[in-house]
1. When you look at R177, is it of a type in the set (D, E, K, R), assigned to a loop (DSSP other than H, G, I, E, B) and modelled with pLDDT under 80, yes or no?
2. Scan the range 292-302 and give yes if some residue there is under 30 Å from H145 (Cα atoms) and either surrounded by fewer than 18 Cβ atoms within 10 Å (Cβ to Cβ) or not aromatic (F, W, Y) (or both), otherwise no.
3. Test each condition in (1) open to solvent by 60 Å² or more (accessible area, probe 1.4 Å); (2) touching a residue at least 12 places away in the same chain (Cβ under 8 Å) for G87 and report the one that comes out false.
4. Given E286, E315, which one is open to solvent by 20 Å² or more (accessible area, probe 1.4 Å) and within 21 Å of R154 (Cβ to Cβ)?
5. Considering only residues that are of a type outside the set (K, R) and open to solvent by 70 Å² or more (accessible area, probe 1.4 Å), look in the range 113-122 and name the one that is nearest to S279 (Cα to Cα).
6. Under 6 Å between Cβ atoms, at least 6 apart or on separate chains: pull out the pairs that start in the range 286-312 with a residue that is in contact (Cβ under 8 Å) with a residue 24 or more places away in the chain and end on any residue that is open to solvent by 70 Å² or more (accessible area, probe 1.4 Å).
7. Go through the range 46-159 and tell me which helices (runs of 4 or more DSSP H), entirely inside it, have 3 or more residues that are closer than 30 Å to Y349 by Cα.
8. Restricting the search to the range 13-46, which residues are open to solvent by 50 Å² or more (accessible area, probe 1.4 Å) and under 51 Å from the mean Cα position of the chain (by Cα)?
Amino acid sequence: MPARGLYRKLSETDRARALGCIDAGMRSREVARRFRTSHQTINRIVQRYRHSGQFKDLPRSGRPRVTTRAEDRYVTNVVARNRFVTGPEVRSRLYAARGPGARPVSVKTVRNRIHAGGFKSMVPAKKPELTQRHKDARLAFSRAHARWNNPQWRRVMFSDESRFYLRRVDGRKRVWRRRKERHVPATVIPRVAYQGGGVMVWAGISATAKTDLVFIDGNLNGQRYIDEVLTPHVLPFLRQMPVADPIFQDDNARPHRARIVDDFLRVNNVNRMDWPAMSPDLSCIEHVWDVLGRAVHARLQGNSTLQDLRQFLREEWARIPQQTISKLLYSSKNRVRECRQSNGGYTHY
């Protein structure tokens, strides 16, 4: 029997001839081989003829398809090459490709073909822009730590700063409304200047503990980083870590890489991790900030103040289980592996 891809649709003449072969005593499989189709097709033609006395296709409900399979593939290829192309743009390209005299195609039809091709319209992920230099540095870092397992990552103290605001901006938020209700107060999100104000905090984590939350008022520079973060928090924390040769991690922010900071860490024999630029996805503490932010914003109300925000941050930071932090920290080996597999490109973290 021919392969499924070689099956062909029988014309009305071939159907009549196939019925003649069946009446002559041939088996359905023999007839199917002769007409290069499946024996199920022959059986259906015979059953339809015996039931209705005809072998033509019955009238079908619904509108006929306005695009061919080749045009459907063209639409899918356009989207695959440019993921940010819009439905009207795809329709314009399809209309130009079909030539003059072609039937018009609606944007809804184009979107239906895009969905049938496996694509869905979603909010794009926001990632730092990576140049080739950044990718090379990320790839070198991931290769240098490719063989690190939990015992090695247990030696690392991750640290970072983050800013939290009173009003959280979420581009994925949706609202239910009727027609002509776009400007009804119940369906509008008020836009507050500077998101109502915010505070910056610093913290450090390891597989066994976390530091206190440090509030940073004003601009942070190298000297303040030493006086308010490194001396009172980082050095004691590193000395108390239950591992040999602990490693300190911070990113490449300007205050962190000031010359006086490098000298301070060298004098105090701090083993510092070389960190590639534009790599927040490789730092597990970014996800700890996300856990903290979700918990805090669940408590904030419309009349909350900056003092309330500070208090909620302290309380929710203390409530984050160490087990959650440890699990995120031990995901570092997966982050490094995924970065290496993408040749220093983006990861899903």
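1. Details: of a type in the set (D, E, K, R): yes; assigned to a loop (DSSP other than H, G, I, E, B): yes; modelled with pLDDT under 80: no.
For R177, the condition - of a type in the set (D, E, K, R), assigned to a loop (DSSP other than H, G, I, E, B) and modelled with pLDDT under 80 - is not met.
2. Taking the range 292-302 as the starting set, the residues that turn out to be under 30 Å from H145 (Cα atoms) are 292-293.
Still in the running and either surrounded by fewer than 18 Cβ atoms within 10 Å (Cβ to Cβ) or not aromatic (F, W, Y) (or both): 292-293.
Looking for residues that are under 30 Å from H145 (Cα atoms) and either surrounded by fewer than 18 Cβ atoms within 10 Å (Cβ to Cβ) or not aromatic (F, W, Y) (or both), one finds at least one in the range 292-302, hence yes.
3. G87 satisfies all of (1) open to solvent by 60 Å² or more (accessible area, probe 1.4 Å); (2) touching a residue at least 12 places away in the same chain (Cβ under 8 Å) except (1).
4. Numbers: E315 fails: within 21 Å of R154 (Cβ to Cβ).
Being open to solvent by 20 Å² or more (accessible area, probe 1.4 Å) and within 21 Å of R154 (Cβ to Cβ) holds for just one of E286, E315, which is E286.
5. Let us first name the residues in the range 113-122 that are of a type outside the set (K, R), namely 114-119, 121-122.
Remaining after also requiring open to solvent by 70 Å² or more (accessible area, probe 1.4 Å): 115-116, 121-122.
Values: H115: 33, A116: 35, S121: 27, M122: 24 Å.
Applying the filter and picking the extreme gives M122.
6. From residues that are in contact (Cβ under 8 Å) with a residue 24 or more places away in the chain, the pairs are H297/R168.
7. Numbers: elements: 69-81, 87-98, 107-116, 132-144, 150-153.
Here the list reads 69-81, 107-116, 132-144, 150-153.
8. Those that are open to solvent by 50 Å² or more (accessible area, probe 1.4 Å) and under 51 Å from the mean Cα position of the chain (by Cα): R29, R33, R36, Q40, N43, R44.
The values are calculated or read from the model by the stated rules, or taken from the named source; none is laboratory data. Predicted model only: the values in this text are computed from it and were never measured. Positions of Cβ are generated from backbone atoms using ideal geometry, with glycine treated the same way; all protein chains shown enter the neighbour counts. Just so you know, the surface numbers come from the protein's heavy atoms only, side chains and all, with ligands and any DNA or RNA stripped out. Shrake-Rupley method; radii C 1.70, N 1.55, O 1.52, S 1.80 Å.
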